[in-house]
1. How high is the relative contact order of the chain, in percent, counting Cα pairs under 8 Å that sit 6 or more residues apart?
2. Mind checking which aspartates and glutamates have their C-alpha under 12 Å from K378, skipping anything on the same chain fewer than 8 residues away?
3. Which far-off residues, 5 or more places away or on another chain, put their amide H under 5 Å from the one on I203, with H placed in the peptide plane?
4. How large a share of the accessible area of the chain, in percent, is made up of carbon and sulfur atoms when the probe is 1.4 Å and the other protein chains stay in place?
5. Return the percentage of antiparallel bridges among DSSP beta bridges fully within the chain, rounded to the nearest 5 %.
6. So what is log10(I(q)/I(0)) for region 270-325 at q = 0.22 1/Å, when the Debye sum runs over its Cα atoms only?
7. Specify which residue in the list T122, I335, A269 is farthest towards the positive end of the charge dipole of the chain, using unit charges on the beta carbon of Lys, Arg (+1) and Asp, Glu (-1), about the Cα centre.
8. Put +1 on the Cβ of each Lys and Arg and -1 on the Cβ of each Asp and Glu in region 421-488; which of N469, Y437, G486 then has its Cα farthest toward the positive end of the dipole?
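The values are calculated or read from the model by the stated rules, or taken from the named source; none is laboratory data. None of the values given here were measured: they were computed from a predicted structure. Please note: Cβ atoms are built from the backbone with ideal geometry, for glycine as well, and neighbour counts cover all protein chains shown. SASA here: full protein model, heavy atoms, side chains in, ligands and nucleic acids out. Shrake-Rupley method; radii C 1.70, N 1.55, O 1.52, S 1.80 Å.
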Amino acid sequence: MAQSGTTRNRVAEKTPASDLPQPVKVQQVRNTKIFINNEWHTSISGRTFPTLNPATGDTICEVQEADKEDVDKAVAAAKVAMQLGSAWRKMEPSRRGRLLHRLADLVERDRLLIATLESLDTGKPFLQAFFVDLEGSIRTLRYYAGWADKIHGKSVPVDETFMCITKHEPIGICGAIIPWNFPLLMLMWKIAPALCCGNTVVIKPAEQTPLTALHIGSLIKEAEFPPGVVNILPGFGPTAGAAFASHCGIDKVAFTGSTEVGQLIKESAAKSNLKRVTLELGGKNPCIVFADCDLQLAVEEIQKGAFYNQGQCCTAASRVFVQEKIYEEFVRRSIESAKKIVIGDPLDPQTTHGPQIDQQHFDKIMDLIESGKKEGAKLEYGGGYLGEKSLFIQPTIFSEVKDSMRIAVEEIFGPVLCIFRFKSQQEVIERANNSRYGLVSAVFTTSMDRALSVSGAMETGTVWINCYNALHVQTPFGGYKMSGNGRELGEYALAEYSEVKTVTFKMSETM
Ligand code: NAD
Ligand code: NW8
């Protein structure tokens, strides 16, 4: 059902427009080629592909399409850059940190342009790109810049005739396969720890959203990273992406995306060279709202959690369990809160909700919304889309959702909030954990005891208590169960980008 009429339910709190960052007018996108060895290359096949603006359906520009042969070329360059005696290999660790800081400086300088490109390519509101994606990216670079000269091993006491030390060495050539929901931020979560540990990288941005990654290519060159240290290959998953996973010259792949593709990557890694694999996959993230919580806080945080980035977050709050005593009031306030969301042009500073990424994804979300209606969930708000041929889906709220419905089990990755009813703590813990996923969960309560005991019981890599999407570059992020392998961010991510070497000296003389 197409919904016409008001796309603007309410105008957001007025901030004088002149005080807000403004998008840049992009006449022509400058960086559209394959970036290898600090140079721009056309594809070996000669093919290009268009990248679209999801808000309008227009082609933003054509981009060179990398395939297996281009991946081979990039891996060869990354290998030379990594060789013993190369500038990168010999570089003092603190200089690697300086380079990462210099990259952060350049990202800050181009912040408006990069946020504009991100908004055009993904459809996310420009201000969110500016304040969240760019802020997170800059912080990630600076955090790992600081680690570069602080990565060290230990001396290990064994018996007195030996001296044993451990060294943390780079793994080698690290592939990064990036999704379309946070194209720049996910790239930074991978390249910052990889480079800080002294690796070289080959990156494949998602085919829907290659533009900010390519801009970073130009900044890598300007920051004067040695050629071949960072290589960027726009292209498709089954071609360029699959070539990463099966490549015997790639030592590690870090992937963020769907569980299905994560499984394919691990399989190819096993069959090729047993490359290391870290995976950040989906979630079906439970939020537990106890009757003793600060209700308005819970409503607002969960709302942001469910609808942020049009629901296209691996962290999306997708199963909200509300204790029966406050259930009706939670639903009522959630509807009130959803009415304040402003759907519109992503470049408009008032807009808080943009289009979904593409037609295929739009169709998948609408199919799941229809399944919710058919299976008997109660549609409380939204459920439609705006206009013909548009990718805008209304924020949607279902109540009376039952655990076996498709919308309760499958990752929707769209703006759909599903509300469930629960009675007891024990019951809700079991239901919350009854999922193949285990990325994040949230607990809303004013009882410290309850918060701590429930957080202990959650089978998820992150538990947020009285908050949501509270990501910090200093804290590790990753999944239990089928939500992934390994951790990104924080000190823990360093372990995913280094090999530990034991060096044992036999001493001929002892005291
Ligand atoms: P996807 O997993 O297909 O895409 C993610 C990345 O993997 C892209 O760069 C893509 O080109 C690449 N890729 C695809 N097939 C590949 C292959 N065979 N080998 C190597 N790389 C490959 O995700 P999608 O199809 O864009 O989205 C589908 C669903 O995935 C979404 O609905 C959502 O549930 C999930 N998803 C999750 C995240 C996340 O942040 N965890 C991000 C995007 C999508
Ligand atoms: C890295 C990330 C962040 C940050 C702040 C606010 C809202 C949502 C997200 C977010 C360093 C510092 C801050 C968010 C980002 C990525 C995903 C989901 C949510 N990140 N943020 Cl996958």
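1. 19 percent
2. The reachable aspartates and glutamates, counting only those whose Cα sits under 12 Å from K378, are E370, E400.
3. Under 5 Å from the amide H of I203 lie the amide H atoms of A176, N231, I232, L233, each far enough along the sequence or on another chain.
4. Taking all protein chains in place, the chain shows 54 percent carbon and sulfur surface.
5. Values: 30 of 70 bridges.
The antiparallel proportion sits near 45 percent.
6. With no solvent term, the Cα-only Debye profile gives -0.85.
7. With unit charges placed on the Cβ atoms, the residue in question is A269.
8. Y437
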